[in-house]
Each structure stands twice: as C-alpha cells, then as structure tokens.
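See below for the structure under consideration.
The values are calculated or read from the model by the stated rules, or taken from the named source; none is laboratory data. No experiment lies behind these values; they were computed from the predicted model shown. As a convention, Cβ positions derive from the backbone with ideal geometry for all residues, glycine included, and neighbour counts pool all protein chains shown. SASA here: full protein model, heavy atoms, side chains in, ligands and nucleic acids out. Shrake-Rupley method; radii C 1.70, N 1.55, O 1.52, S 1.80 Å.
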Amino acid sequence: MFDLIIIGGGPAGYHAAELAANSGLKTLLFEKRAVGGVCLNEGCIPSKALLHTAKLYDYAKGGAEPYGVTCQNPVLDYAAAVKRKDKVVKKLVAGIEMSLKKAGVEIVRENAVVEATVPVARGTPGTASPTGFSVNGRQAKHLLICTGSEPIIPPFCAGAQIMTNREILALTEVPETLDIIGGGVIGLEMASLFNSAGSKVTVYEMTDKIAGPFDREISGLLQKTYEKKGVTFKLNTRVETVTGPTLVSVGRRAATAGNGLETIGVHTENGVIVTDEHMKTNIPNVYAAGDVNGKSMLAHTAYREAEVAVNNIVGAGSSRPGGAGNNAGGTVSNAGGKTPPLRDRMDYSAIPSVIYTNPEAAAIGETLESAQAKGFDARETRLPMMYSGRFMAENERGEGLCKLVWHDNRLIGAHLLGSPVSEVISTLSAILYNEMDIERIKKIIFPHPTVAEIIKEAVFHGT
Ligand code: NAI
C-alpha cells in the first residue's frame, strides 16, 4: 500500500513526488512518456535552447555589429542546434530521475488507470479517510492527478499537415515558410525562432492583438518589432481551413480522459478537474495539480500547486505545529485551543508570465485596463528601459518599456518589454506577493548595474 500515487510526471507530478517521498510518504509515480512532461521534453526547455541558438545567430548575422563584432558568412547548422537541444533535455530528465530515485520514489512507466476505490483499514497511521485507490493494480491512500494538458486541435485541421509544439520542436530542418495559427505564447516564441532561422513566418490571430492578456501597448510594441524583422501578422483573422504545413497553437486543454477518473467520480467542469485552494478535488484524498485543473496552465504555477497538495496530504490528520503544510497564509487556529490539521493554500494572485521572444515580454498582476474594469481607482507609471544603465550597455537600440500599475500606493501589476525582463519579473513577483507599498519598495536596494534597477527607476521617476 502506497501513501501516495501520482499520475503524471511533469512539473507538478515530479516535484510533488520528490517532496512527498522526502516528507516520508511511500510514493509511486506513473509516467507513460518521459519524466519532465511537456515542459521539459517538448515545451519550455527545448524551446529556450533553440531560441538561444536563434539569438546567437541573430548576433552573428549583423546584430553584433553595433557592439564592434562582425562575423563573415555565418551559418546556422539547425540540425546541430536540435542535437544540442536534445542533449540539454536528456541531461535534465536524467537529473530529475536521479533526484526521484534518491528520494525513494518508485516510477512506473505505464498509462495509469484508476480502477476502483478499495477499503483501507481504519486507524492506519496517516490515513484520513477509510477509502483508498487502486491504480494499475497498486493501492494507495491518496491520489494526486497531474496529467497536464494537450494541444487543442480544431476540427478544421482534420487530415491537414499540422504541427503542434511537439512536432515543431522536433524538426531538424528550417521550413522555407511557416504559417502559425494563434498569436499567443507558443505562436510568438516559434515565430521568433523560425524568423531568426530564416523561415518566412505568418501569424494568424483571431483577436485584435497578439500575446493574449498582455498589456495592449506591450503587445503592440512586440508586434512592431517582429514586423520590422519580417514576420507578417494577420490580426482579426479566424483561420477556418488549413492547406500547407502549419503550426497550430490555439491553446491547450486539460488532459482528463483515459485515466479512469470518472470511475471514482472526480468532478470536472468545462473539461478541467475542479480543485479548491488546498488542491483537493470533490473526492476525499484525491488531489489535482498543474494544467489539469485549468487554473493557470504554467509550469511555475504547477510547482507551487504540487507543494500545496503534498503539504496538505502530509498535514492531513497531523497536528504537528510547524510541520509540512504550515505556511503563514495557510495555518488556521480554532477557538478551542486544539491545533487543527495544518493546511497550505494556493494563492493565484501573483503569478508571473513571460514570452521568451527577443525582446522578451513579462507581466504580472493587473494591467491598467483590467484594474479599471474591476473598478479599481488604479494609475500607471511608465518608463523606457533605457533608464537602466545596464540595459543601455547591452541593448544598442535601447528599445523597451516598464509599466507599473498602482492602487492605493500598492503595486498591483507590472508589464515589461526588453531582455532580460524574464529575470526582472521575479523581483516584481516578490513585491506583489508581499503586497508592498510604494514607500517599502523605495527602500529596496538593487545591485548596480542590473536591468532590475528599472523597477527602482520607475518607482522614483514615475511617482
Ligand atoms: P494561447 O492561449 O497562449 O494562444 C492561443 C491564441 O490562438 C489566442 O490568441 C487565440 O485568440 C488564437 N486563436 C484560437 N483559435 C484561432 C483560430 N481559429 N484562428 C486564429 N487564431 C486563433 O495558446 P498557446 O500559444 O497554444 O499556448 C498554450 C499554453 O501553453 C498557454 O496557455 C501557456 O500557458 C503555455 N505556454 C506557456 C509558455 C510561456 O509561459 N512562455 C510558452 C509556451 C506555452
């Protein structure tokens, strides 16, 4: 009998498995493909490896000239770049497998199917409920579903030569032309990669702007930058037929089918598993974390959700003060003085998002538009990135923007364009998460010279 069976070994599943095993739970992880999931094997990491190659190639093709570096006849060996990407992925997968092994996690490489609930003897230590679960013949007291998501393929793509993130990242040659349906994160990152690599790229987007919920001005600037580089954008264009090879990046849907979850009655709504702030489903001792609950569909959200789920599983029935599951926001006390089970809670209010184009775009919290739509008396401060000395030292054209959104002197949103804002946004995440007001932010000491100093500049110059 396992304490915990986890279905799916992506960011939510593998992180949860390691944490659970290190917390003393006898843990089994089912993964039918590769540990690391979509993010590590065919998403976040491989795309970043290839985008790095693309950036170097851009520099070699003339991008480095303003910095005094000229290259003669640079060549992109795309097959070699893909080989390196595969090597990076392999190393990281091996690293995760090693950590799981070290923690004592048992990994089963099968498609997991929950067969039925099985009785578990009352009073078994650590058991909060008299039910257990049977998955491919293995029994457990708790289940954590981390089955992730899969690309949405619209019906008009049936029979057409389409690619998803999986196939496009496995190409070993650069296509002459590339049509992309969807100007969201995947569409833009792949447009960036293949534009640098030499493809003639067209992005079709059915709304009036690229980059989904990103700040409208930042989206517009990003689009202009890529138009200058030769990418064509067809906005307000809903694609309804496909002819040639096309990347389809129109969103992802939770992967809830094929694991027998209906046999134990796990509640889904609009195709996602419904979870509460403790990552619990409607079935006692069944939790879900990551894309499958449809809350945010980002790997970094999945990591935190996994922690919340495991902390609650470990804390369930336990009254150890300060034990797993205890956090500042999650500890509850009762009037009777008896310490109740510790509960960790998921907080979705400060989740950053990044588009790894060149330049990068990063955002967190409200835009001025979304804040005003919610009735906040919000205001915005904005500053060109050139106010950062480090940014100017490394970005010849000096293009980039930092926008901060305020409500009652508290920072409620930040929106940036320019590299490497993917690193700068972490500081803003900490500021938002800790609900800092302007006076406190002003006292933060930033290392000089760093691009993150733009936050300090934007606070001082914009207020
Ligand atoms: P997305 O939701 O970001 O963008 C899809 C876009 O397709 C939307 O702008 C939508 O208006 C458009 N669209 C839908 N149907 C269309 C049609 N028929 N014709 C034209 N346009 C159409 O989805 P995407 O890019 O597929 O990414 C999926 C998920 O992967 C995201 O939710 C994200 O969480 C994750 N992801 C995150 C990354 C990051 O954080 N850097 C990178 C890659 C993926």
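Here are the numbers for this structure:
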read-out: Residue match in the stretch 378-386 (condition: acidic (Asp, Glu), open to solvent by 20 Å² or more (accessible area, probe 1.4 Å) and more than 30 Å from residue 59 (Cβ to Cβ)); value: yes
read-out: Odd one out for residue 274 among (1) away from the ligand (no atom under 16 Å from the Cβ); (2) within 23 Å of the chain's Cα centre (by Cα); (3) open to solvent by less than 40 Å² (accessible area, probe 1.4 Å); value: (3)
read-out: Matching entry among 231, 239 (being in contact with a strand residue (DSSP E or B) (Cβ under 7 Å, 6 or more places away or on another chain) and within 12 Å of the ligand (Cβ to nearest atom)); value: 239
read-out: Residue check, residue 58 over 22 Å from residue 355 (Cβ atoms), charged (D, E, K, R) and either touching a Phe, Trp or Tyr at 6+ places or on another chain (Cβ under 8 Å) or not in a loop (DSSP other than H, G, I, E, B) (or both); value: no
read-out: Filtered residues of the stretch 147-194 (kept if surrounded by 16 or more Cβ atoms within 10 Å (Cβ to Cβ), free of Cβ contacts under 8 Å to residues at least 60 places away in the same chain and more than 11 Å from the ligand (Cβ to nearest atom)); value: 194
read-out: Only listed residue being crowded, with 19+ Cβ neighbours inside 10 Å and farther than 18 Å from residue 213 by Cβ, chosen from 412, 445, 431; value: 431
read-out: The listed residue being open to solvent by 50 Å² or more (accessible area, probe 1.4 Å), outside any strand (DSSP E or B), modelled with pLDDT of 95 or more and within 30 Å of residue 66 (Cα to Cα), out of 390, 397; value: 390
read-out: Any hit, the stretch 56-68, residues being within 16 Å of the ligand (Cβ to nearest atom) and touching a residue at least 60 places away in the same chain (Cβ under 8 Å); value: no
read-out: Residue check for residue 138: among the charged types (D, E, K, R) and either away from the ligand (no atom under 14 Å from the Cβ) or crowded, with 17+ Cβ neighbours inside 10 Å (or both); value: yes
read-out: Any chance residue 213 is away from the ligand (no atom under 11 Å from the Cβ) and either of a type in the set (Asp, Glu) or farther than 30 Å from residue 31 by Cβ (or both); value: no
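Residues checked against (1) at pLDDT 95 or above; (2) of a type in the set (A, V, I, L, M):
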{"residue": "271", "(1), (2)": "yes, no"}
{"residue": "276", "(1), (2)": "yes, no"}
{"residue": "290", "(1), (2)": "yes, no"}
{"residue": "299", "(1), (2)": "yes, yes"}
{"residue": "309", "(1), (2)": "yes, yes"}
{"residue": "317", "(1), (2)": "no, no"}
{"residue": "330", "(1), (2)": "no, no"}
{"residue": "335", "(1), (2)": "no, yes"}
{"residue": "341", "(1), (2)": "no, no"}
